[in-house]
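> The structure under discussion is supplied below as structure tokens; questions concerning it will follow.
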Amino acid sequence: MARVISLLENRDPLGAAVLTHVAPSLNRALVIGITGYLGTGKSTLIDQLITAYRRLGEKVGVLAVDISSPVTGGAVLGDHIRMQSHTDDAQVYIRSMATRGHQGGLAAATRQAVRVLDAAGFGVILIETVGVGQSDVDIMQVAHTVVAVVAPGLGDDVQAMKAGLLEVADIVAVNKGDREGADAALRDLREWCKAVIRAVAVKGEGIAELIAVIAEHERWRDLDRPALHNRRGPSIDLGSRTG
């Protein structure tokens, strides 16, 4: 997998040939995009999602899009460091991908890398965008479900976000939800978004709820595929879970 993704990143024709060969086995994985501003705890949330999906028996792939090193042009690899607890698990594959100047929050070869992991039998693929804010919108063209991660006290006010992240998000996770200002953030976000949950990723809180809401969104996709152009989907009644 690593060799094929490297070929695709380097635009080697052999990489494209491999994708053509495996094309019949594609479109089986659940692809989840995790986007949001820097400092909101996206990588910590993904680390917890890996653990939770592995407990459910899923084979999990992670594509962590990172800024490019000014020296090598490769990914800075910060996300590998935050997810080291999974490096010995043969059912987890984590790959950092450098943007190499590509705009939109993803690397140029991210979509193709998703196809590689799909063909390799990964049931869940998590994509972390580079985290530059409102311009991270390409994820909606790749992921089945997009989760925008925000945090209280980091300037993620709704008015600034609604022109960008909130328009592409299917679900909003208010991470660091035990901090001051979390209740106000939840109230404000629920005026704009149909699925908002509270999470404290470092404690594992809210992860089960997030997985449940992702599954609910996927059920909607399966039942109402003609309406997929409407990214927001139907209203999701989370009841007391959202508090």
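> Can you name the residue in segment 24-44 that is over 18 Å from the mean Cα position of the chain (by Cα) and in contact (Cβ under 8 Å) with a residue 24 or more places away in the chain and is also nearest to D178 (Cα to Cα) among such residues?
The initial filter retains those residues of segment 24-44 that are over 18 Å from the mean Cα position of the chain (by Cα), namely 24-26.
Next cut, in contact (Cβ under 8 Å) with a residue 24 or more places away in the chain only: 25-26.
Numbers: S25: 43, L26: 40 Å.
It comes out as L26.
> In addition: Among the residues of segment 52-60, are any of a type in the set (A, V, I, L, M), modelled with pLDDT under 95 and buried (at least 20 other Cβ atoms within 10 Å of the Cβ)? So that I can check it myself, show each step before the final result.
Here is the first cut: in segment 52-60, the residues of a type in the set (A, V, I, L, M) are 52, 56, 60.
Cutting the leftovers down to modelled with pLDDT under 95 gives us none.
There is no residue in segment 52-60 that is of a type in the set (A, V, I, L, M), modelled with pLDDT under 95 and buried (at least 20 other Cβ atoms within 10 Å of the Cβ).
> Kindly indicate the residue of segment 203-219 that is out of contact with any helix residue (DSSP H, G or I) (no Cβ under 6 Å at 6 or more places or on another chain) and of a type in the set (A, V, I, L, M) and also surrounded by the most Cβ atoms within 10 Å (Cβ to Cβ) among those meeting that condition. Give the derivation first.
Within segment 203-219, the subset out of contact with any helix residue (DSSP H, G or I) (no Cβ under 6 Å at 6 or more places or on another chain) is 203, 205-206, 208, 210, 212-219.
Then keep just the ones that are of a type in the set (A, V, I, L, M); that gives 208, 210, 212-215.
Numbers: A208: 13, L210: 25, A212: 14, V213: 23, I214: 21, A215: 12.
That would be L210.
> Against the definition (in contact (Cβ under 8 Å) with a residue 60 or more places away in the chain and of a type in the set (A, V, I, L, M)), how does L14 come out, yes or no?
Taking the combined requirement at face value, the residue does not satisfy it.
> With V158, V142 as the choices, which residue is in contact with a helix residue (DSSP H, G or I) (Cβ under 7 Å, 6 or more places away or on another chain), over 14 Å from G36 (Cβ atoms) and either surrounded by 14 or more Cβ atoms within 10 Å (Cβ to Cβ) or at pLDDT 95 or above (or both)?
Details: V158 fails: over 14 Å from G36 (Cβ atoms).
Answer to the selection: V142.
> Sticking with this structure for a sec: Given (1) more than 24 Å from A201 (Cβ to Cβ); (2) crowded, with 17+ Cβ neighbours inside 10 Å; (3) at pLDDT 90 or above, where does A120 come up short, assuming only one miss?
Of (1) more than 24 Å from A201 (Cβ to Cβ); (2) crowded, with 17+ Cβ neighbours inside 10 Å; (3) at pLDDT 90 or above, only one is false for A120: (2).
> Here's another thing I want to ask about it. Would you point out which residue out of E209, E216 is part of a helix (DSSP H, G or I), within 16 Å of I34 (Cβ to Cβ), modelled with pLDDT of 90 or more and acidic (D, E)? Explain how you work it out, then say what you get.
Numbers: E216 fails: within 16 Å of I34 (Cβ to Cβ).
Result: E209 is the single residue among E209, E216 that is part of a helix (DSSP H, G or I), within 16 Å of I34 (Cβ to Cβ), modelled with pLDDT of 90 or more and acidic (D, E).
> State yes or no: is V4 modelled with pLDDT of 90 or more and either part of a strand (DSSP E or B) or touching a Pro at 6+ places or on another chain (Cβ under 7 Å) (or both)?
Numbers: modelled with pLDDT of 90 or more: yes; either part of a strand (DSSP E or B) or touching a Pro at 6+ places or on another chain (Cβ under 7 Å) (or both): no.
It is false that V4 is modelled with pLDDT of 90 or more and either part of a strand (DSSP E or B) or touching a Pro at 6+ places or on another chain (Cβ under 7 Å) (or both).
> Run K42 past the list (1) charged (D, E, K, R); (2) under 24 Å from G121 (Cα atoms); (3) at pLDDT 90 or above and report the number of the one that doesn't hold.
(2)
> Let me ask something additional. Looking at (1) at pLDDT 90 or above; (2) outside any loop (DSSP other than H, G, I, E, B), can you tell me which one V22 breaks?
For V22, the exception is condition (1).
> Among the residues of segment 163-216, how many are under 14 Å from the mean Cα position of the chain (by Cα) and over 13 Å from V147 (Cα atoms)?
Going through segment 163-216 one residue at a time, the tally reaches 0.
The values are calculated or read from the model by the stated rules, or taken from the named source; none is laboratory data. Note that this is a predicted model, so its numbers are computed, not measured. Glycine also receives a Cβ, built like all others from the backbone with ideal geometry; neighbour counts cover every protein chain displayed.
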